[in-house]
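The values are calculated or read from the model by the stated rules, or taken from the named source; none is laboratory data. Since this is a predicted model, take the numbers as computed values, not measurements. As a convention, Cβ positions derive from the backbone with ideal geometry for all residues, glycine included, and neighbour counts pool all protein chains shown.
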Amino acid sequence: MNNSATSQSRSLLEPRALAAIRDLRLVARRAVEGLHAGQHRSQVRGSGLEFSQYRNYTPGDDPRRVDWKLYARSDRYFVREAHRESQLELWLVLDVTGSMLQASDQIDNWRRLDCARCLAASLAWLANEHGDAVGLLTIGGTNINLVPPRAGQAHLDRLCRELASVEASGAQPVAPQLEALWNRLKRPAMLVLISDFLDERQDICDMALRLAAGGMDTVALQLLTRAEEEFPFHGGLRLRDPETGRYCEIDADLVRNGYRRRFEAAQQRLQQTLLAADVEHHRMLIEQPLDRILWEFLRYRQDKAY
C-alpha cells in the first residue's frame with residue numbers, strides 16, 4: 001500500500017489481505033461484450049503514457065511524477081497526469097440496510113458491514129493498482145450515495161473515506177428509487193454487489209438481475225454469519241429484526257430444524273435464480289479471514305474467465 005494513503009485507507013486496507021491479492025487482478029468475463037482495453041480513458045499516473053495535463057501536487061502523489069524542471073521555473077509543485085486506456089470499469093455496490101449491522105458471535109466488534117467495507121476497499125485498491133476506474137454505490141433506507149468511477153490514488157482515498165463513514169440503517173429502497181440509480185451505471189462494466197441477500201423483497205437482487213440481462217458482468221458477494229448458517233442457539237430467545245425493529249420470541253430448540261431447512265431452501269432458490277441470470281454468486285462467512293475470502297474470489301475469477 002502507498003505509504004501516503006489516508007488513515008481511512010489504512011484502517012480498511014489490511015496489509016495481510018493486500019499481500020494475498022497483490023499478484024491477482026479483477027478479470028472480466030469475455031462473454032460480456034466490450035469489457036477490454038480501449039472502452040474508456042482513465043486518468044492514471046505512470047511512465048510511458050500519453051501526457052495529458054499538469055495539476056497541483058497534493059499529499060499522496062508519487063514524488064516521481066513531480067515535474068522538477070517546472071518547479072525550478074515556477075517554485076511550485078506540479079504533477080504530470082497521463083491518459084491510459086483502462087482495462088476495466090468496476091462498480092462496487094454496497095448494501096447498507098439495517099441487516100448489515102449483524103455482528104459475529106465469534107469475533108468481537110466485527111459486523112457484516114465491517115467485512116463488507118474491507119472487501120470493497122480491497123477490491124478498489126486492487127483495481128487502482130492496475131489503473132482501472134472504480135465507482136461506489138451505497139444503498140440502504142435513505143442512505144443512498146453514488147461516487148462516479150475514476151482511477152488514481154486520490155480517488156481511492158476518497159472511496160475509503162466514503163466507506164469508513166457510511167453506516168447501515170433501514171430497509172431496502174423501493175424499486176423506483178433503485179431504477180434511477182441503475183440507469184446511471186455505465187455498461188459495459190463489472191458490478192460487484194455486496195449484501196446478505198436476506199431481505200424478503202429482494203429489490204436490490206432483482207435489479208442486479210436486470211443489469212446482468214443488459215450485459216453487465218455482475219457478481220454477488222453474499223456475506224453471512226456462522227450463526228445464521230448453523231443456528232447454534234438454545235432455550236428462549238428474543239430476536240429483533242434490524243430493518244423493521246420488530247421483536248419476536250422463540251424457543252431455539254423447537255425451531256432449529258425448521259429454521260435450518262427453510263434457510264437452506266432459501267439459499268438454494270437464491271443460487272438458482274442468480275445462476276439462471278448469469279450472475280456469479282459467492283457465499284461467504286464474515287468469520288473467514290479476509291485474505292482468504294478475497295483470494296478465493298479473485299482466484300475463481302481468473303480460473304473461470306473465458
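Details
- Every residue from region 47-84 that is among the hydroxyl-bearing types (S, T, Y) and at pLDDT below 65: S47, S52
- Condition met for R299 (among the charged types (D, E, K, R) and exposed (fewer than 15 other Cβ atoms within 10 Å of the Cβ)): yes
Okay, residues lined up against (1) touching a Lys or Arg at 6+ places or on another chain (Cβ under 9 Å); (2) closer than 26 Å to S169 by Cα:
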site: R240; (1), (2): yes, yes
site: C248; (1), (2): yes, yes
site: L254; (1), (2): no, no
site: Y259; (1), (2): no, yes
site: Q267; (1), (2): yes, yes
site: L275; (1), (2): no, no
site: H281; (1), (2): no, yes
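- From Q272, Q302, Q268, residue being of a type outside the set (D, E, K, R) and either in contact with a helix residue (DSSP H, G or I) (Cβ under 9 Å, 6 or more places away or on another chain) or in contact (Cβ under 8 Å) with a residue 12 or more places away in the chain (or both): Q302
- Check on R292, within 24 Å of S104 (Cβ to Cβ), surrounded by fewer than 16 Cβ atoms within 10 Å (Cβ to Cβ) and among the basic types (K, R): yes
- Looking only at residues of region 247-274 that are aliphatic (A, V, I, L, M) and under 21 Å from the mean Cα position of the chain (by Cα), we find that the one that is surrounded by the fewest Cβ atoms within 10 Å (Cβ to Cβ) is L270.
- The residue of region 275-289 that is surrounded by the fewest Cβ atoms within 10 Å (Cβ to Cβ), among those that are over 20 Å from R112 (Cα atoms), over 17 Å from the mean Cα position of the chain (by Cα) and touching a residue at least 40 places away in the same chain (Cβ under 8 Å), is D278.
- Checked against the criteria, D132 does not count as outside the structural domain of D241 (by TED's automatic domain parsing) and either surrounded by fewer than 14 Cβ atoms within 10 Å (Cβ to Cβ) or modelled with pLDDT of 75 or more (or both).
- Residue list for region 135-157, filter: at pLDDT below 90 and not in a strand (DSSP E or B): G141, T142
- Candidates A175, A180, A208, A168: the one that is within 30 Å of R262 (Cα to Cα) and modelled with pLDDT under 75 is A175.
- For region 105-129, the candidate set comprises residues that are in contact with a helix residue (DSSP H, G or I) (Cβ under 7 Å, 6 or more places away or on another chain) and of a type in the set (S, T, N, Q); within that set, the residue that is surrounded by the fewest Cβ atoms within 10 Å (Cβ to Cβ) is Q106.
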